[in-house]
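The values are calculated or read from the model by the stated rules, or taken from the named source; none is laboratory data. Model, not experiment: these values are computed from the prediction. Cβ coordinates were reconstructed from backbone atoms using ideal geometry, including for glycine residues, and neighbour counts include every protein chain displayed.
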Amino acid sequence: MPNHRREFLKNIAGTVVAFTILPRHVLGRGYLAPSDQLTRGIIGTGIAGRQQLNYPGTRVTALCDVDQTNLAQAAAMLDKKVRTFDDYRHLLLQKDIDFVHIATPPHWHGLMATEAAAAGKDIWCETPMTHSIAEGRQLVKTVQTYDRIFRLNMNHRIEGNFYGTNVPVKKLKKLVSSGILGWPLTITLGPQTGFSWPFSNLGLTSLPAQPVPATLNYNRWLGPAPFKPYHINRIQNFRGYWDYGGGVLAELGQQYLDPVQFILEKDATSPVEVTVQAPLQHPDAVGTWQKITFTYQDGCKIILDAAGMDANAPFMSGSKGKLYADFKSDLPELEKQLANYPDPPLAVTDFVTAVKERQTFVTNEENGHRSCTLVNMGKIALQLGRSLQFDPEKETFLFDEGANRLLNKPLRSTWK
Amino acid sequence: MRRSNLIILLILGTCLHVAGQGQPSPYAGRITAILQEMPSPNDSLKTISMKQMEKLGEPGLTALAMMTQTGNINVQYALSAYTGYVTAALQDSARKTAVKAYCRALKLVTSTPAKIFLINQLQLCGNDLAAATIAPYLVQEALCDAAVRALIQIGGPVAKPTVVYALSKAKGNARIALINAIGELRYLSGLDAVTALANTRDLRQRRAALMAIANLGNESSDSLLHAAAAKAGYVYDSSNATAAYILFAQRMAENWPQEPARVIAARMLRECKSHAQLPTRIAALQIMVNVHFNESNRILGDAAADPDPGFRAAALKMAARNMNTANTSYWIDRIAREKGAVKAGILLLLGESQQRATTRVIQAALADSNMVVKIAAIKAAGLLGNTTMIASLVFEMNKADSSTIFLIRDVLLTMRSKMVASTASISLQNKPPLMQIALLQILEARKAEESKPRVLAMLQSANPAVKEQAEKTLKAIE
């Protein structure tokens, strides 16, 4: 009898399964079957890696971290079992992953994204995009060689107001394109225009070696960065060290600068000059700075006024008018004048759509590289403590071998 | 005297005593004064300090560089600032002196962190003398990485052969760094040395060797790299052989003649047919287009009709990078032969080209019965921005579903013409409610004052949503 019962159950199993496959509408509006979702591997499961675990239209199938504690915590936040790795190259070998989310410290971004592109993965990368200008150009080339979809994780082109201005980027872009304020334009990002540059990411200049925690693979955490003895501050405050970050400039810089480059229609170029006002920088630990100014070929300027040196600076200033926060201006009826002008061109702002339809995402490898170039130019000028001239076509500095030697940071390769 | 200054003086005295073999140093006071000013709070004070350091000359700078052994933070500030200072334009003489001093100190200091610090300075300012001084450290496990990075940056006739020589002596991790360096330095004389490691059992070394060989880009490596990529199935694997072969083909395409690159790309396209090999197919297509530029329209036109949508999309993106008047006519001819998704892709390409000649084709496609084509045509019309399409776009709203209506609204708002508002205004009457709402939103965004009478008429609409939107529009335009 037991045998018969088993056979009976076996025979009806197919029928039961057939009845339990529910039509999609029964599962609710907007429900996306797992087979229709993009599969995702997250590399770096710290704060940034955990922020978008439930991004609509995607599901996490693999996690990677060199810190076992982080890895276990992130895995515990997911409903299902996910594969976990401590080496991103093993994650990239998984054939069923559509895209990777790179949420590591910045010194890894370029290397991992380049290899992910070669592995046929689409890429979602945190800012800053790369650690050096040459690495950025190399990444652009690789992403385009393999035609991967690349998203740099910045939202201001997509939604919300642009930081302290209380105005959406789209409207600011429209204003600049209209020419109402004249040309060239100067944009100032400082406390007086609603931008704070919190210098909380400063490095320590003296770090006595400490024992490496058992849960951390420190050699792999350092990866392409030069070897330095372990100290907890390097891990917890990685932004404070030139080897892994670049302080507040690298932490917030690209988030602030990318929309500004877009507003000024500089997505395909770079400044010709960068000047800095800052105390001498330590070779390892990132320090503070007062002011960084980027100047473009046509005279447009972006001023990062961390110290609030110009208390009366407008957010945007041109030959015909000025714009302050809340869209206040010295020009009469600005809103009305602006209404006659066209909106900026439509762009793909949904990553899932971009991947499925193979369309270029709004914050992509090319404009991401250009806005990250500002960050990296600023870092080099701070490290050398002088003004630099830049050729936006060749992407090299003019008459400055020291600066050119910082264009490309040779990577430590023994970690491999 | 402040306690910190006293400590600096004591350390300095000890160092200079050691460096000067018991002789009192003539630099102690000057170095102390310089270090007391570190870190300089601004440019003018920094410049003064740098001038003072320049005046120390080679022996004084050597004494200061020796102080890196103490781990003194102000020494680190001073030396790294000075390294940056001497790399600026017109500082050749100061730079040579600094390099000599750093090299001399590098030989004298004994602690590993001090040696690494000085090698790092030479990475930024070093020359052939520095390369020769750094060379012995290439085979030392603790210093190899720093030394390799410095030599990659220094380059030149001393650094390159030094790296190859060191590879024959190095072991373990140092070998990986040296293999990489030969590739980075593009030093062809190192090809035999890295080729010998291409079939090693050590996966890490093999991976590094394949990439270095690819970087060197010598035609003779074709069969080796081809075999490795074919063995990997032309997909990503732990040896990274496929990426190496693609890099090799790119390097070959940088040289003249480009025929070998064309042969490699054609072979990859022939041998790769599966979806799993899509990234390789795309990379090969890119190389083929680059080396066969005169034939690029035909190559990309055929690729744009490929069954794999990913391959099609890649081909159209490549075409978009080189669109001009001549190319446009090819794609206008091509679209007549296509339908469905392929036609939609080409429409977007034509719109993006912003060539006026494409207007007729895009306009005709607005009435296409295939929704994919129609949507592409709407977006292409917006990209093209030709105002002659405004009326056609508004007309298409009549029969469209809700998402298409609002897509057309968004496209119209990107067009630069007063005709957008005037056409929206005169099209308001007797239209489907959703279309009326979209048109009213256009008038609201454009603050179209002249449309006020027609908006007022909409306040009488029986549809509450239309009425509500009319009120909002009226408020905006008044």
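Determine whether region A:51-66 contains at least one residue that is modelled with pLDDT under 85 and surrounded by 13 or more Cβ atoms within 10 Å (Cβ to Cβ). Scanning region A:51-66 turns up at least one residue that is modelled with pLDDT under 85 and surrounded by 13 or more Cβ atoms within 10 Å (Cβ to Cβ). Just one of (1) assigned to a helix (DSSP H, G or I); (2) within 14 Å of another protein chain (Cβ to nearest Cβ); (3) touching an Asp or Glu at 6+ places or on another chain (Cβ under 9 Å) fails for A:Gln192. It is (2). For region B:429-437, state whether one or more residues are modelled with pLDDT under 95 and among the β-branched types (Val, Ile, Thr). No, region B:429-437 has no match at all. If A:Ser371 satisfies all but one of (1) within 9 Å of another protein chain (Cβ to nearest Cβ); (2) within 22 Å of the chain's Cα centre (by Cα), what's the number of the condition it fails? A:Ser371 satisfies every listed condition except (1). Of all the criteria given as (1) within 22 Å of B:Asp43 (Cα to Cα); (2) in contact with a Leu (Cβ under 8 Å, 6 or more places away or on another chain); (3) more than 12 Å from chain A (Cβ to nearest Cβ), the one not satisfied by B:Leu79 is (3). On the basis of being over 23 Å from B:Ala313 (Cβ atoms), within 14 Å of another protein chain (Cβ to nearest Cβ) and modelled with pLDDT of 95 or more, does B:Asn240 make the cut? Criteria met by B:Asn240.
Is it the case, given these coordinates, that B:Arg416 is closer than 20 Å to A:Lys170 by Cα and either of a type in the set (D, E, K, R) or out of contact with any Phe, Trp or Tyr (no Cβ under 6 Å at 6 or more places or on another chain) (or both)? The answer is yes for B:Arg416.
Among the residues of region B:90-105, the ones that are touching a residue at least 40 places away in the same chain (Cβ under 8 Å), surrounded by 24 or more Cβ atoms within 10 Å (Cβ to Cβ) and of a type in the set (A, V, I, L, M) come to 2 in all. Being within 9 Å of chain A (Cβ to nearest Cβ), within 19 Å of A:Trp415 (Cβ to Cβ) and surrounded by 24 or more Cβ atoms within 10 Å (Cβ to Cβ) holds for only one residue in B:Cys144, B:Cys125, and it is B:Cys144.
Looking at region A:234-247, can you tell me whether even one residue there is crowded, with 22+ Cβ neighbours inside 10 Å, in contact (Cβ under 8 Å) with a residue 60 or more places away in the chain and under 19 Å from A:Arg370 (Cα atoms)? Yes. The set of residues in region B:393-437 that are of a type in the set (S, T, N, Q) and surrounded by fewer than 19 Cβ atoms within 10 Å (Cβ to Cβ) comprises B:Asn398, B:Ser402, B:Ser403, B:Thr404, B:Thr414, B:Ser417, B:Ser422, B:Gln429, B:Asn430. Residues satisfying the criterion are absent from region A:339-359 (criterion: away from chain B (no Cβ under 14 Å), of a type in the set (Ser, Thr, Tyr) and either surrounded by fewer than 21 Cβ atoms within 10 Å (Cβ to Cβ) or touching a Ser or Thr at 6+ places or on another chain (Cβ under 9 Å) (or both)).
Scanning region A:267-314 for residues that are away from chain B (no Cβ under 13 Å), of a type in the set (D, E, K, R) and assigned to a loop (DSSP other than H, G, I, E, B) yields A:Asp267, A:Asp298, A:Asp310.
In region B:172-197, which residues are over 27 Å from the mean Cα position of the chain (by Cα), surrounded by fewer than 22 Cβ atoms within 10 Å (Cβ to Cβ) and either within 14 Å of another protein chain (Cβ to nearest Cβ) or not β-branched (Val, Ile, Thr) (or both)? Of everything in region B:172-197, those that are over 27 Å from the mean Cα position of the chain (by Cα), surrounded by fewer than 22 Cβ atoms within 10 Å (Cβ to Cβ) and either within 14 Å of another protein chain (Cβ to nearest Cβ) or not β-branched (Val, Ile, Thr) (or both) turn out to be B:Gly172, B:Asn173, B:Ser189, B:Leu191, B:Asp192, B:Ala193, B:Ala196, B:Leu197.
Of the helices (runs of 4 or more DSSP H) entirely within region B:327-413, those holding at least 2 residues that are more than 21 Å from B:Leu443 (Cα to Cα) and within 37 Å of the chain's Cα centre (by Cα) occupy B:340-353, B:359-365, B:371-384.
Of all residues in region A:85-95, those satisfying the criterion of being more than 11 Å from chain B (Cβ to nearest Cβ) and either over 23 Å from A:Gln37 (Cβ atoms) or in contact with a Phe, Trp or Tyr (Cβ under 9 Å, 6 or more places away or on another chain) (or both) are A:Asp86, A:Tyr88, A:Leu91. Candidates are the residues of region A:182-220 that are over 28 Å from the mean Cα position of the chain (by Cα) and of a type in the set (Gly, Ala, Ser); the one that is surrounded by the fewest Cβ atoms within 10 Å (Cβ to Cβ) is A:Ala214. Inspection of region A:379-398 identifies at least one residue that is surrounded by fewer than 18 Cβ atoms within 10 Å (Cβ to Cβ), within 30 Å of B:Asp145 (Cα to Cα), touching a Gly at 6+ places or on another chain (Cβ under 9 Å) and touching a residue at least 60 places away in the same chain (Cβ under 8 Å).
Of all the criteria given as (1) within 9 Å of another protein chain (Cβ to nearest Cβ); (2) among the hydrophobic types (A, V, I, L, M, F, W, C); (3) outside any loop (DSSP other than H, G, I, E, B), the one not satisfied by B:Ala88 is (3). Exactly one residue out of A:Val82, A:Val100, A:Val140 is at pLDDT below 95 and within 22 Å of B:Tyr236 (Cβ to Cβ): that is A:Val82. Only one of (1) farther than 25 Å from B:Ala147 by Cβ; (2) part of a helix (DSSP H, G or I); (3) within 14 Å of chain B (Cβ to nearest Cβ); (4) not acidic (Asp, Glu) is not met by A:Arg220, so which one is it? The number of the failed condition is (1).
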